[in-house]
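K.L.:
Below is a structure I'd like to ask you about.
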Amino acid sequence: MTTADTTPTAAPQPLGEVLLSVQGLVKHFPIRRGVLQRKVGAVQAVDGLTFDVRQGETLSLVGESGCGKSTTGRLLTRLLEPTGGSVTFDGHDISHISNGKMRPLRRDVQMIFQDPYSSLNPRHTVGRIVGAPFKLQKVETEAGTKKTVQDLLELVGLNPEHYNRYPHEFSGGQRQRIGIARTLALRPKLIVADEPVSALDVSIQAQVVNLLEDLQDELGLTYVMIAHDLSVVRHVSDRVAVMYLGKIVELADRHNLYETPMHPYTVALMSAVPIPDTKRRTERERIRLQGDVPSPINPPPACRFHTRCWKAQEICKTTEPPLVDLAPRHQVACHFPENQDAVVGSRG
Amino acid sequence: MTEIAEHSYRPGTEKPTSFLDVRDLRVHFPTDDGLVKSVDGLTFRVDRGKTLGIVGESGSGKSVTSLSVMGLHHGGSAKITGEIFLDGEELVGASPEGVRLLRGQKMAMIFQDPLSSMHPYYTIGYQIVEAYRIHNDVSKKAAYQHAIEMLDRVGIPQPDKRVHDYPHQFSGGMRQRAMIAMALSCDPELLIADEPTTALDVTVQAQILDLIRDLQKEFNSAVIIITHDLGVVAELADDILVMYAGRCAEYGSADDIFREPQHPYTWGLLGSMPRIDRERSERLLPIKGTPPSLINVPSGCAFNPRCTYCDLTGGRSTSERPELIDVGHGHRVACHLTRDQRDQIWRDDIQPKL
C-alpha cells in the first residue's frame with residue numbers, strides 16, 4: 001500500500017530462543033449454584049491461546065476489559081491453574097505443577113501489578129518490601145540484603161536513602177518504581193506486567209515506560225505486557241496479540257499490526273484511539289462498534305466478534321476462523337480480513 | 001465565543017457576559033498540615049453550545065473546580081472565594097437551597113466512576129425519575145415514560161425493560177450512558193463531565209464521546225469536559241484550559257493549544273504521550289519530577305522545579321509568579337519566557353520531537 005510496508009522502520013530483531021511457550025491455554029471459571037454447588041456454567045475467560053514469547057522481546061496482550069488478558073497474565077505466572085492446555089517456561093511444563101515445585105521457578109517469572117497503591121504492604125518499609133524476595137527465596141546476597149536493595153532502588157531511579165520509608169510517603173509513580181524494584185530483585189528472566197502504567201498520570205507514565213525500556217536493554221529482560229492503551233503498546237512492544245473474548249484474533253509484529261491491521265476488531269480498536277490533534281477530528285474515519293462485549297459466560301458461536309462486526313456474513317456465525325498466517329509473522333483469525341491487498345500471498 | 005476574562009478583573013466591576021462566568025475562583029481547604037490551595041485564582045467563561053476542556057494531572061484542581069461550580073463544597077471545610085455566574089446568577093454566595101434548585105435543572109454533572117456514583121439499592125429508572133420529579137411536577141408514570149425516552153436517547157437497547165434494572169446489571173459503558181441520561185433528564189444548560197471516559201475501554205469511550213457531542217448539538221448546552229487525556233479534549237473541546245497546581249498555565253482555542261502550544265508544561269504533556277498517528281519515536285519525553293504538593297507550592301512559577309527552561313528566565317521563575325498574558329487571539333499563557341524564546345524552543349526543540 002505505502003512504501004512503509006516494504007521498508008520497515010526497524011529491521012526485525014534476530015529471533016531469540018523461545019522462553020515461554022503457550023499451547024491451547026484454557027481457563028474456565030465454574031459458576032456454581034444451589035445447595036450442592038452444582039456447576040451450572042462457566043465463565044470462559046481464556047479459551048485456547050497459543051503463542052510463544054522469545055528471549056529479550058516484548059509481547060503485548062491488548063483488548064477490552066473482560067477479554068481475558070489479565071487472566072492470561074495470571075496463568076503465565078501460575079497464580080491460577082489452567083483448565084486446559086499447557087504453559088512451558090524455560091523447558092519446564094508449569095501448567096499443573098505443585099506450589100512447592102513452582103517456588104524455585106518464581107525466581108525467574110515475576111509480575112508487575114497495575115495498582116501501585118494496593119500492591120505494596122502499607123505496614124512494611126520500602127527496604128522490607130524490596131528485600132522480601134531474597135528472604136522468601138533464601139537467596140544470599142554478596143554485599144548483604146540492605147546494600148543490594150539500595151542498589152535496586154538506585155537502578156529504578158529512587159533515592160537509596162528512602163530504604164526506611166513507608167509506601168504512603170511516596171507518589172503513585174514512585175510506588176510503581178518500588179514495585180518494579182521488587183520485581184527485579186531476583187533478576188527474573190520473564191516479567192509479566194499487568195497494566196503497569198495505566199494508573200499513573202501522563203507525565204509519570206512516560207517516565208515509567210522509559211524506565212521499563214532502559215531496564216530491558218540493561219538486563220536483557222523479556223516482557224509480557226498487558227495493556228489496553230494502544231498507543232503505549234505500540235511504543236513498548238515488539239509483537240502484539242489482540243484478544244477478544246478469550247481468544248487471540250490477531251498476532252503480529254508491531255509494525256505489521258499498526259501499519260496493516262487485518263482483523264476488523266483491530267481496525268475498530270485503532271480507529272477509536274483518541275488522537276491529540278484537532279485536525280484529525282474531521283479527517284479521520286471512525287468505525288463505531290455497536291454495543292458492548294458479549295458475556296464470556298455465553299459467548300457467540302463460531303467467530304466471537306460476528307455480533308459487532310460490520311463485515312460479518314453467514315459463514316462467520318457457523319464456522320470459526322482459525323488463527324492462520326496471512327502474511328509473514330502476521331496471524332489473523334478472520335474470514336474476511338481487512339487490508340488484504342497490502343499483503344503479498346494472501347488467501348484471496 | 002468562550003474566552004477567559006481579563007486578568008486585571010476586580011470583583012463586582014463587570015456584569016457577566018457569558019452563560020457561565022467564573023472569576024478569580026479560589027478554593028482553599030484548611031488542614032492540619034497547612035492550607036491546601038486546590039484552586040487559586042481561576043477565571044474562565046463558557047457560552048452555550050461551546051465546550052471547554054480542562055486538562056491537568058491529578059491534584060491540579062480540575063475536579064475541585066467543577067465541584068465548586070456545582071456547589072458541592074457547601075457544608076464542607078472548603079473556603080471558596082471569587083465569583084461564579086451561571087446565566088447571570090451568582091452561585092458562590094447563594095444559599096445552598098438556591099443552588100440545590102439549580103443543580104439538576106440548570107446544571108448537571110457526569111462523574112468518572114458510574115458504579116460508585118449510582119445507588120446500588122435503587123433501579124436505574126427510580127434514580128432518573130427521582131431527579132426528574134424534584135424539578136418537574138409530573139406523575140410517576142409520566143416521569144417513567146420520560147426516563148425511558150432518555151435511556152432510548154442515549155442508546156440503551158430495550159429501554160422499557162432496562163429501566164427497571166439495577167446498576168449492577170448494566171455494563172460499564174451502559175452505566176455511563178445511564179448517568180448521562182440522568183444528567184440530561186432535566187435538559188440542563190450546563191453539563192460538566194468529570195473524566196467521563198477514564199474508566200471505559202477505547203471503543204466504548206468513542207461511543208460516549210460521540211454521544212456527548214451529539215447531545216450537545218441537540219440541546220445546545222454548555223459543556224465542560226475535565227480530563228487528563230489530551231486525546232479526549234482534542235476530540236471534543238472548542239477551548240482548552242491547562243491547569244497546573246491550581247492555576248491556569250495556558251488557555252486558548254483547541255487549535256492553538258495543539259498547533260502552537262506556548263507553555264513548557266503543555267509541551268511536556270504532549271511529549272509524554274505516545275502517538276498512534278505518527279512515526280514511533282524511540283523514546284518518550286517525560287516531564288521530570290512529580291506534581292507539587294498543594295500545601296507547599298513552589299515559589300514563583302509553580303512549574304519551575306520541573307521546567308527544562310527555567311534557567312532562561314534569569315531567576316524570575318523562582319521568585320515571581322508569572323501573570324497570564326495574552327499572546328494573541330485570546331490565547332493566554334503564564335510563563336516568564338519571552339515570546340521569541342518560546343517560539344524558538346517550540347520550533348527547534350519540541351515540535352520536531354513530537
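The values are calculated or read from the model by the stated rules, or taken from the named source; none is laboratory data. It should be emphasised that the depicted structure is a prediction, and the values quoted were computed from it without experimental measurement. Cβ sites come from the backbone with ideal geometry, for glycine too, and all protein chains shown count toward neighbours.
K.L.:
Counting only residues that are surrounded by fewer than 22 Cβ atoms within 10 Å (Cβ to Cβ) and either among the aliphatic types (A, V, I, L, M) or not assigned by TED's automatic domain parsing to the domain that holds residue B:24 (or both), how many does the range B:39-68 have?
P.N.:
Selection size over the range B:39-68: 1.
K.L.:
Would you say residue B:125 is away from every other protein chain (no Cβ under 14 Å) and either under 26 Å from residue B:52 (Cβ atoms) or assigned to a helix (DSSP H, G or I) (or both)?
P.N.:
Taking the combined requirement at face value, the residue satisfies it.
K.L.:
Shifting gears a bit: Just checking: which of the strands (runs of 3 or more DSSP E) contained wholly in the range B:180-291 hold 1 or more residues that are modelled with pLDDT of 85 or more, within 12 Å of another protein chain (Cβ to nearest Cβ) and in contact with a helix residue (DSSP H, G or I) (Cβ under 7 Å, 6 or more places away or on another chain)?
P.N.:
Passing ranges, in order: B:222-227, B:239-244.
K.L.:
Any idea which residue in the range A:1-34 is nearest to residue A:221 (Cα to Cα), counting only those that are at pLDDT 85 or above and of a type in the set (A, V, I, L, M, F, W, C)?
P.N.:
A:19
K.L.:
Okay, next question. Within the range A:249-267, is even one residue within 12 Å of chain B (Cβ to nearest Cβ) and of a type in the set (Gly, Ala, Ser)?
P.N.:
The answer is no, given that none of the residues of the range A:249-267 is within 12 Å of chain B (Cβ to nearest Cβ) and of a type in the set (Gly, Ala, Ser).
K.L.:
Of the residues that make up the range A:197-207, is at least one more than 23 Å from residue B:198 (Cβ to Cβ) and in contact with a helix residue (DSSP H, G or I) (Cβ under 8 Å, 6 or more places away or on another chain)?
P.N.:
no
K.L.:
Looking at the range B:279-302, which of its residues are over 29 Å from residue A:238 (Cα atoms) and within 23 Å of the chain's Cα centre (by Cα)?
P.N.:
Listed by number, the residues that qualify are B:290, B:291, B:292, B:293, B:294, B:295, B:297, B:301, B:302.
K.L.:
Ok, one more. Those residues that are polar (S, T, N, Q), more than 9 Å from every other protein chain (Cβ to nearest Cβ) and either surrounded by fewer than 20 Cβ atoms within 10 Å (Cβ to Cβ) or under 24 Å from residue B:198 (Cα atoms) (or both), I need them from the range A:161-196; list them, please.
P.N.:
A:164, A:176
K.L.:
Please indicate, with yes or no, whether at least one residue in the range B:307-319 is within 14 Å of chain A (Cβ to nearest Cβ), surrounded by fewer than 17 Cβ atoms within 10 Å (Cβ to Cβ) and free of Cβ contacts under 8 Å to residues at least 24 places away in the same chain.
P.N.:
No - not one qualifying residue is present in the range B:307-319.
K.L.:
Now for a different question. When you check residue B:259 against the structure, is it surrounded by fewer than 16 Cβ atoms within 10 Å (Cβ to Cβ) and either closer than 15 Å to residue B:343 by Cα or outside the structural domain of residue B:349 (by TED's automatic domain parsing) (or both), yes or no?
P.N.:
Spelling it out, residue B:259 is indeed surrounded by fewer than 16 Cβ atoms within 10 Å (Cβ to Cβ) and either closer than 15 Å to residue B:343 by Cα or outside the structural domain of residue B:349 (by TED's automatic domain parsing) (or both).
K.L.:
Out of the residues in the range B:292-306 that are part of a loop (DSSP other than H, G, I, E, B) and surrounded by 15 or more Cβ atoms within 10 Å (Cβ to Cβ), state the one that is farthest from the other protein chains (Cβ to nearest Cβ).
P.N.:
Looking at residues that are part of a loop (DSSP other than H, G, I, E, B) and surrounded by 15 or more Cβ atoms within 10 Å (Cβ to Cβ), I get B:300.
K.L.:
Same structure again: In the range B:322-354, what residues are over 29 Å from residue B:283 (Cα atoms) and surrounded by fewer than 16 Cβ atoms within 10 Å (Cβ to Cβ)?
P.N.:
B:323, B:325, B:326, B:328, B:329, B:330
K.L.:
Let me ask something else about it. When you scan the range A:255-324 for helices (runs of 4 or more DSSP H) that lie fully inside it, which ones turn up with 3 or more residues that are crowded, with 19+ Cβ neighbours inside 10 Å and either of a type outside the set (D, E, K, R) or more than 21 Å from the chain's Cα centre (by Cα) (or both)?
P.N.:
A:264-272
K.L.:
Determine if the range A:101-117 includes at least one residue that is more than 14 Å from chain B (Cβ to nearest Cβ), under 30 Å from residue B:201 (Cα atoms) and part of a loop (DSSP other than H, G, I, E, B).
P.N.:
yes
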